[in-house]
1. Go over the candidates Val81, Val146 one by one and state the one that is among the β-branched types (Val, Ile, Thr) and at pLDDT below 95.
2. Return only the number of the condition from (1) in a helix (DSSP H, G or I); (2) surrounded by fewer than 18 Cβ atoms within 10 Å (Cβ to Cβ) that Asn21 does not satisfy.
3. Pick out the one residue from Arg116, Arg147 that is more than 22 Å from Gly207 (Cβ to Cβ) and either more than 19 Å from the chain's Cα centre (by Cα) or surrounded by 15 or more Cβ atoms within 10 Å (Cβ to Cβ) (or both).
4. Being of a type in the set (S, T, N, Q) and assigned to a loop (DSSP other than H, G, I, E, B) is the filter here, so list the residues in segment 165-202 that pass it.
5. Is it the case, given these coordinates, that Lys56 is among the basic types (Lys, Arg), crowded, with 18+ Cβ neighbours inside 10 Å and modelled with pLDDT of 95 or more?
6. Evaluate segment 123-136: report whether one residue or more is surrounded by 15 or more Cβ atoms within 10 Å (Cβ to Cβ), of a type outside the set (Ser, Thr, Tyr), modelled with pLDDT under 95 and within 20 Å of the chain's Cα centre (by Cα).
7. Tell me the strands (runs of 3 or more DSSP E) entirely within segment 44-133 that contain at least 3 residues that are farther than 30 Å from Tyr152 by Cα and of a type in the set (Val, Ile, Thr).
Amino acid sequence: MSFGGFPERALDFYDGLRADNTKSYWSDHKAVYDVAVKAPMEALLAELAPEFGTAKFFRPYRDVRFRSDKTPYKDHAAAVVVGPGHDALYVQLSADGLYVGGGFWHTSTDQARRLRGAVADEPTGAALQALLDDLSGWDVHGERLVRLPKPYEPTHPRADLLHLKSLAVGRTHEPGDWLHGPECGVRVAADWRAVQPLNRWLVQHVGPSTTPARPRGG
C-alpha cells in the first residue's frame, strides 16, 4: 500500500476518542482505526524506512498500571525510529494534527552528565546552540532539573540548556488539506532531515548509555 495521506476520518476518530475514551467506543470504531489510522501510518513508515530506518509503531493501548488516569486508549497514534546511537525520530497523529520530532527523549545518569558537559563546554555548546537556532519554529524540551547542578552557574550563557537531563525538539503541523495527501509524507521526511544535525551532535557528544543494565528477575 502506497502512502496517500491520512483521511479526514482519522481526525474524526481521535476527536471521538477524546470525548469518549471507552472500550465501547473503541469496539464500535475499531474498523475506522484500522483503515484510517493504522494502515496509512504503516504505509508512511514503510515509505520512510529506506532513508531513515525501520520504525516502531506503538500500540494504541495505555499502560494504566500505577496511574490514577485509567482511560484505556492513547489519544494519538505514534511511531519512532531509534538509531544505534540512541538518537530518535518521532511522528505522532492526533486530532490536533501531526507532531514531528527528534532527539534524545530519555537518558540515563551517565548520558545526562555527558550532555551537560557538552552543553557547557566550548565549542561544543556553541555548536549545539547554533543547531537549535537553525530549528526555528521547533519547541525544545526534555526532562529538567529544578536546580542548576554544580559546578555550573546561573550566569552561564546556556544555563537554561544546562537544566536539561534529556534534549529533544518537535513541532506540530495543524490539520489541513496537506495531511490528506502525499504531501504529508514529504513534510515528515523534510522534518526528519532537518533534525538529523541535532541527532548527530547528540550521538557524537552524548551517545548511548555506558552503564550496564540491571539484571531483572524472572
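The values are calculated or read from the model by the stated rules, or taken from the named source; none is laboratory data. All values derive from a computational prediction rather than experimental measurement. We place every Cβ from the backbone using ideal geometry, glycine too, and count neighbours over all the protein chains shown.
1. Result of the check over Val81, Val146: Val146.
2. In the conditions (1) in a helix (DSSP H, G or I); (2) surrounded by fewer than 18 Cβ atoms within 10 Å (Cβ to Cβ), Asn21 misses (1) alone.
3. Only one candidate passes the filter, namely Arg147.
4. Listed by number, the list holds a single entry, Ser166.
5. Against the criterion (among the basic types (Lys, Arg), crowded, with 18+ Cβ neighbours inside 10 Å and modelled with pLDDT of 95 or more), Lys56 does not qualify.
6. No, segment 123-136 contains no residue that is surrounded by 15 or more Cβ atoms within 10 Å (Cβ to Cβ), of a type outside the set (Ser, Thr, Tyr), modelled with pLDDT under 95 and within 20 Å of the chain's Cα centre (by Cα).
7. Correct list: 76-82.
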